[in-house]
Amino acid sequence: MARILITSAIPYINGIKHLGNLVGSQLPADLFARYQRGRGNEVMFLCATDEHGTPAELAAAKAGKPVADYCAEMHEVQADIARRFGLSFDHFGRSSSPQNHALTQHFAGQLAEHGLIREVVEQQMYSRADGRFLPDRYIEGTCPNCGFESARGDQCDNCTKQLDPTDLINPHSTISGSTDLELRETKHLYLRQSAMKDKLEAWIDSKTDWPVLTTSIAKKWLNDGDGLQDRGITRDLDWGIPVKKGAEDWPGMEGKVFYVWFDAPIEYIACAKEWADAKGLDDSAWQRWWRTDKGADDVRYVEFMGKDNVPFHTLGFPATLMGSGEPWKLVDYIKSFNYLNYDGGQFSTSRGRGVFMDQALEILPADYWRWWLLSHAPESSDAEFTWDNFQVSVNKDLADVLGNFVSRITKFCRSKFGEAVPEGGAYGSQEEALLADLTARVRAYEGCMEAMEVRKASQELRAIWVAGNEYLQSAAPWSTFKTDPETAAMQVRLGLNLIRLYAVLSAPFIPFTSARLAEAMGIPDLGWPDDVAAALTALPAGHGFSVPDVLFAKISDEDREDWQSRFAGIRS
Ligand SMILES: [Zn+2]
């Protein structure tokens with residue numbers, strides 16, 4: 001049995017995520033986790049909310065709530081939606097947890113001990129009216145690059161250029177609106193990534209199986225311009241993890257917190273400790289996933305993320321882990337995704353454009369979305385959600401192919417043989433050909449799932465459903481029954497067993513439907529079909545079943561048009 005550690009990039013706390021966010025990390029990570037569990041492997045699947053930084057503070061202020069309360073509430077909202085989408089995290093943690101506080105402070109202390117932290121006195125914008133420094137989004141002004149008037153201190157939303165607050169023209173505080181600003185000296189800690197460059201490059205060079213998209217992004221950051229830069233890991237903010245050197249105070253850093261980019265990936269590890277603590281297990285339970293001196297040397301660690309997160313996961317986080325001088329588990333494979341666009345443009349949180357996770361579940365069950373999103377995952381290039389495509393995909397793949405197959409075979413059996421698997425008859429050449437075809441397809445499906453080729457896996461699964469439909473069409477037990485009821489019984493028995501096979505194979509994509517099929521067919525055990533022919537005799541003659549309700553309702557043209565206008569947002 002293999003041991004597989006899976007993390008999904010952690011979603012930011014402020015607000016509900018849209019479908020593009022979902023398919024860029026959490027959903028394909030869930031697909032992989034469910035598949036690996038289905039194969040009998042030991043899986044630890046972790047995700048969390050990313051709770052620090054100025055956007056959380058600003059969103060809390062807008063909601064009129066203390067930031068800790070705001071984050072606690074939003075965490076519950078996100079956890080609830082994740083459950084309803086069937087995201088099967090072993091633990092959904094919080095980057096603001098006491099475990100992450102302690103671990104982040106521990107890493108900072110270790111890095112300092114190894115000479116990888118330097119203290120830098122720099123000039124930062126200070127607001128006299130607010131009595132505080134104004135990092136990142138606490139300051140806005142005109143972008144020096146494009147002239148956009150509401151550029152933030154860390155980035156211009158119009159031209160996406162990364163900015164420093166001192167770059168802004170006509171800056172003002174976003175708290176009070178005050179323009180009474182001045183530069184003041186403040187001390188910050190920098191992670192000496194430049195000192196780690198050779199070590200990081202050698203490690204990345206050793207990853208010969210990584211996609212070019214991933215390694216080329218990392219190489220660009222390592223070598224472009226002046227090469228890999230040292231990076232600030234602290235901020236003048238109240239909300240965050242207090243700067244400490246392990247358990248000790250850090251002289252001169254009182255009242256400052258770690259920068260969110262530093263503590264967020266450490267939460268992957270802290271999340272495992274949260275899991276162990278919640279279960280009343282001791283530290284060895286989580287360390288066997290994360291410490292190569294404590295059992296993690298045989299773990300395969302896979303990370304899922306959008307392409308914008310690749311630099312932090314190939315450079316910043318590994319620099320933290322390697323620089324600690326401790327035997328932490330490093331990532332073995334990074335699966336990164338391009339972007340999903342929405343109906344001729346982009347998803348937009350601020351303009352309410354596109355479908356958000358809570359809205360999606362208001363109009364259709366999770367499996368409809370899971371199927372479309374995974375079968376159109378933005379792997380090799382950006383992908384686009386359109387309502388036409390969604391309607392076609394749901395109506396054809398789910399309703400016509402899978403749903404129709406299940407409905408026809410169960411209803412026909414009930415009408416002619418009753419609600420139990422019929423006996424009699426023997427396979428002929430048609431059935432043997434189907435077995436050979438299905439065996440080859442199941443092996444191909446496994447190959448795609450192991451390789452995390454999400455779209456190709458969905459195509460193989462669909463082909464497996466189609467094979468059953470075509471068999472049923474051609475065998476036509478409703479005709480056979482009139483002249484040869486024994487053979488018809490065999491055909492129906494095989495069809496019912498195909499439903500069981502589909503329940504097992506489809507579970508990673510459409511887990512709720514799979515559970516309904518398993519319940520209707522009366523099968524608690526969904527063992528993986530290592531031997532397809534044997535799996536198709538798992539339901540013996542006499543085994544009872546019930547006819548499930550309609551699995552997938554078709555999307556009407558009227559619904560499609562309603563939804564299209566409802567989610568169009570305010571177009572710019
Ligand atoms: Zn700009």
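The values are calculated or read from the model by the stated rules, or taken from the named source; none is laboratory data. Since we're looking at a predicted model, the values are computed, not measured. In this analysis, Cβ positions are derived from the backbone assuming ideal geometry, glycine residues included, and neighbour counts consider all displayed protein chains. In case anyone asks, the SASA skips ligands and DNA or RNA and just uses the protein heavy atoms, side chains included. Shrake-Rupley method; radii C 1.70, N 1.55, O 1.52, S 1.80 Å.
Structure notes:
- Share of carbon and sulfur in the accessible heavy-atom surface of segment 475-520 [1.4 Å probe, %]: 56 percent
- Heavy-atom accessible area for Cys448, with the other protein chains in place and a 1.4 Å probe, reaches approximately 20 Å².
- Counting only Cα atoms, segment 99-196 measures 43, 30, 27 Å along its principal axes, largest extent leading.
- Packing around the peptides 66-78, 208-220, 369-381, taken as the average count of other Cβ atoms within 10 Å per residue, puts them in this order, highest first: 369-381, 66-78, 208-220.
- The alpha carbons of the chain stretch over 93, 55, 43 Å along the principal axes, in descending order.
- Rh by Kirkwood over Cα pairs, then Stokes-Einstein D for segment 304-448 at 1.002 mPa s and 20 °C, µm²/s: 106 µm²/s
- Accessible area ranking (1.4 Å probe, heavy atoms, ligands and nucleic acids excluded), largest first, for Glu460, Glu432: Glu432, Glu460.
- The angle separating the long axis of helix 366-375 from the principal Cα axis of greatest extent in the chain is about 80 degrees.
- Extension gain from Asn170 to Ala129, taking 0.36 nm per residue of separation minus the Cα-Cα distance: 13.1 nm
- Size-normalised alpha-carbon gyration radius of segment 439-486, reference 2.2 N^0.38 Å: 1.60
- With 5 Å bins from 0: P(r) over segment 215-325, alpha-carbon pairs, percent: 2, 9, 14, 19, 19, 17, 12, 5, 1, 0
- Protection proxy ranking of 242-252, 50-60, by the mean of other Cβ atoms within 10 Å over each peptide's residues and highest first, is 50-60, 242-252.
- Every Cα-Cα pair in segment 81-155 was counted, and those over 14 Å apart are 78% of them.
- Once the 1.4 Å probe is applied to the protein heavy atoms, segment 426-506 comes out at 38 Å² accessible per residue.
- The Kirkwood radius of segment 174-250, taken over pairs of alpha-carbon atoms, gives through the Stokes-Einstein law at 37 °C and 0.692 mPa s a diffusion coefficient of 203 µm² s⁻¹.
- Of the accessible area of segment 365-417, computed with a 1.4 Å probe over protein heavy atoms only, carbon and sulfur atoms account for 45 percent.
- Length released on extending from Cys159 to Asp224, taking residue separation times 0.36 nm less the Cα-Cα span: 21.3 nm
- Ordered from longest to shortest, the equivalent ellipsoid semi-axes for segment 337-403 are 21, 15, 10 Å, each the square root of 5 times a Cα gyration tensor eigenvalue.
- Accessible solvent surface per residue of segment 514-572, calculated while the other protein chains remain in place, 1.4 angstrom probe, Å²: 56 Å²
- Rounded to two decimals, the Cα radius of gyration of segment 475-572 over 2.2 N^0.38 Å is 1.52.
- Sorting the segments 554-562, 126-134 by their residues' average number of neighbouring beta-carbon atoms within 10 angstrom, most packed first, yields 126-134, 554-562.
- Averaged over its residues, segment 93-236 has an accessible area of 48 Å² per residue, based on protein heavy atoms and a 1.4 Å probe.
- Accessible surface of segment 142-296, 1.4 Å probe, proportion on carbon and sulfur as whole %: 46 percent
- Under Karplus coefficients 6.51, -1.76 and 1.60, residue-wise ³J(HN,Hα) of segment 73-89 in Hz, glycine/proline x: 5, 5, 4, 4, 4, 5, 5, 5, 5, 4, 4, 6, 8, x, 6, 9, 4
- Filtered trypsin sites (Lys or Arg not before Pro), segment 444-550: DSSP coil and at most 13 other beta carbons within 10 Å: none
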